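The values are calculated or read from the model by the stated rules, or taken from the named source; none is laboratory data. Note that this is a predicted model, so its numbers are computed, not measured. Note that each Cβ is placed from the backbone with ideal geometry, even for glycine, and that neighbours are counted across all protein chains shown.
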Amino acid sequence: MRTGVAAGAAVGLAVAGVAVAARRADRVLPKLPAPGATAQVQLVSKGIELAVAGRKIRTGPLQGRATFEIEEHPDDPGAVRTRITEFRLSSTGARDAVVTMEQRAGSRTEATVLRRVSPRSPRFQHTLALECEVTIANPRALGLPEGSDDPLSLRANVPIELVGKPADFPDFHAVYKLHEPIALSGASGAGEASMLRFSFQIQGF
């Protein structure tokens, strides 16, 4: 009896495995966006974690928009390049209406790559590079020292790198996260500054 039960269970598992494999084979893989296309999206973020003058501070929620241009990848037909031409986030709450994060004026961000994680993967690997500036209009509202009355502008010394694995592009649920902490400059008289954590989610218009 036990042998029969075990054999039946094995058959059941094999059938289930075949069904899963069939579903995977039938899965429609997302296509790369066409070179020359432009994608405009809304962005939402829970906030930015910064270190300024030895203090960790976190902004409130942010929202805004971004525009991407799609370019042909000259060396990889299985990938495209993307370039950010517009990026801006700003605080959403009355208490936190003091922070903006945006693409630096006059900057042209470098093109980065969008490609599949693997040939049969339903997800892409996407890295963004952004030359950005964070402006805190009222630093004391975020807990910076007395005397911090003037607006504080912090610039990334190199483009910040954000990594996501979207299921499409644009994917209106994709989350992009800061790859690693990055030094910021411009905190005159406030000591060293850095961006510790940051992420955003893409949403549709």
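Restricting attention to the range 108-128, which residues are surrounded by 14 or more Cβ atoms within 10 Å (Cβ to Cβ) and small (Gly, Ala, Ser)?
Passing the criteria: Ala111, Ser121.
Looking at the range 48-60 only, could you name the residues that are assigned to a strand (DSSP E or B) and small (Gly, Ala, Ser)? Working first, answer last.
Here is the first cut: in the range 48-60, the ones assigned to a strand (DSSP E or B) are 48-52, 55-58.
Hit for the range 48-60 is Ala51, nothing else.
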Exactly one of Leu154, Leu178, Leu142 is under 25 Å from Arg55 (Cβ atoms) and modelled with pLDDT under 90, and that residue is Leu142
Quiz item: Mind checking whether some residue in the range 138-154 is in contact (Cβ under 8 Å) with a residue 40 or more places away in the chain, loosely packed, with under 15 Cβ neighbours inside 10 Å and over 13 Å from the mean Cα position of the chain (by Cα)?
Solution: yes
Within the range 157-174, of all residues that are surrounded by fewer than 16 Cβ atoms within 10 Å (Cβ to Cβ) and aliphatic (A, V, I, L, M), the one modelled with the lowest pLDDT is Val158
Phe68: passes all of (1) of a type outside the set (Ser, Thr, Tyr); (2) farther than 21 Å from Ser153 by Cα; (3) surrounded by fewer than 16 Cβ atoms within 10 Å (Cβ to Cβ) but (3)
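Go through the range 150-180 and count every residue that is among the acidic types (Asp, Glu) and assigned to a strand (DSSP E or B). Spell out the reasoning first.
Going residue by residue through the range 150-180, those that are among the acidic types (Asp, Glu) are 150, 161, 168, 171, 180.
Restricting the remaining residues to those that are assigned to a strand (DSSP E or B) gives 161.
Residues meeting the conditions: 1.
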